1. Restrict the search to the range 57-131; then list the GluC sites (Glu not before Pro) that DSSP places in a loop and that have at most 11 other Cβ atoms within 10 Å of their Cβ.
2. Over the chain, calculate the relative contact order: mean separation of alpha carbon pairs under 8 Å at least 6 apart, over the residue count, as a percent.
3. From the backbone phi of the range 60-75, what are the Karplus-calculated ³J(HN,Hα) couplings (6.51 cos²θ - 1.76 cosθ + 1.60, θ = phi - 60°) in whole Hz, Gly and Pro given as x?
4. DSSP loop chymotrypsin sites (Phe, Trp or Tyr not before Pro) in the range 56-163 with at most 11 other Cβ atoms within 10 Å of their Cβ, which ones?
5. Leaving out ligands, DNA and RNA, and with a 1.4 Å probe, what % of the accessible surface on the chain is carbon or sulfur?
6. So, for the range 24-163, what is the accessible surface per residue at a probe of 1.4 Å, expressed in square angstrom?
7. At 0.36 nm per residue, and after removing the present C-alpha to C-alpha distance, how many nm does the segment from residue 119 to residue 9 gain when stretched out fully?
8. Label point 7 Å out from residue 137 along Cα-to-Cβ: which residues of the range 59-102 have amide N under 18 Å?
Amino acid sequence: MLLAKRQLKVKSGRIGLISDTHGLVRPEGLAALKGSEVIIHAGDIGKPEVLAALETIAPVIAIRGNNDRDSWAKKIPDVLDLKINGIKICVIHNVKELERGSAEGFHAVISGHSHKPSIMTKDGVLFVNPGSAGLRRFKLPIAVARLQIIGAKMRATMVNLEV
């Protein structure tokens, strides 16, 4: 497993969250992420063109998902220990792969994999799964999320891409 650490500062605190595109970039997804200062892709990217399309909006930080196994994805980490404006964020594709207690020390965990959009707080840690912005799985919604960092506080909102 490839683990990476990264630290960055953003001015507006607007972070776009996307996952499980599986090679599909929806115009609605791009529109929903406009205004983001950085975009986090939580895996199952599908093809490098997805990252290139997202880069037209903002810098992209991505991790690999279980389906990102082609040569283009080899340099992308499986898990990311990220710090944005002092807020510690763990980015992992499948939240079930977090070992018990391993979210301790993080302010937020961003994941994907299940295609189920969710925002919840557990033991003081914000867990956000932006759902799938790509291919529909079962009858689950197509969605992305936004994370707003203001000082030491965070707020996440879900954006349903279906009209």
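1. Values: sites: 97, 99, 104; in loops: 99, 104.
Qualifying residues, ordered by number: 99, 104.
2. Numbers: 427 pairs, mean separation 41.4, N = 163.
Relative contact order comes out at 25 percent.
3. Taking θ as phi minus 60°, the curve returns 10, 10, 10, 10, 7, x, 5, 9, 8, 10, 6, 4, 4, 8, 4, 7 Hz for the range 60-75.
4. Details: sites: 72, 106, 127, 138; in loops: 106, 138.
In loop regions of the range 56-163 (DSSP not H, G, I, E or B), the sparsely surrounded chymotrypsin sites (Phe, Trp or Tyr not before Pro) are 138.
5. Numbers: 4530 of 8490 Å².
Exposed carbon and sulfur together represent 53 percent of the surface.
6. On the way: 7030 Å² over 140 residues.
Heavy-atom accessible area per residue stands at 50 Å².
7. Numbers: separation 110, 0.36 × 110 = 39.60 nm, distance 2.34 nm.
Working it through step by step, the gained length comes to 37.3 nm.
8. 63-70, 78-79, 91-98
The values are calculated or read from the model by the stated rules, or taken from the named source; none is laboratory data. Worth saying up front: this structure is predicted, and the values here are computed from it rather than measured. In this analysis, Cβ positions are derived from the backbone assuming ideal geometry, glycine residues included, and neighbour counts consider all displayed protein chains. Surface accessibility is based on the protein's heavy atoms, side chains included, excluding ligands, DNA and RNA. Shrake-Rupley method; radii C 1.70, N 1.55, O 1.52, S 1.80 Å.
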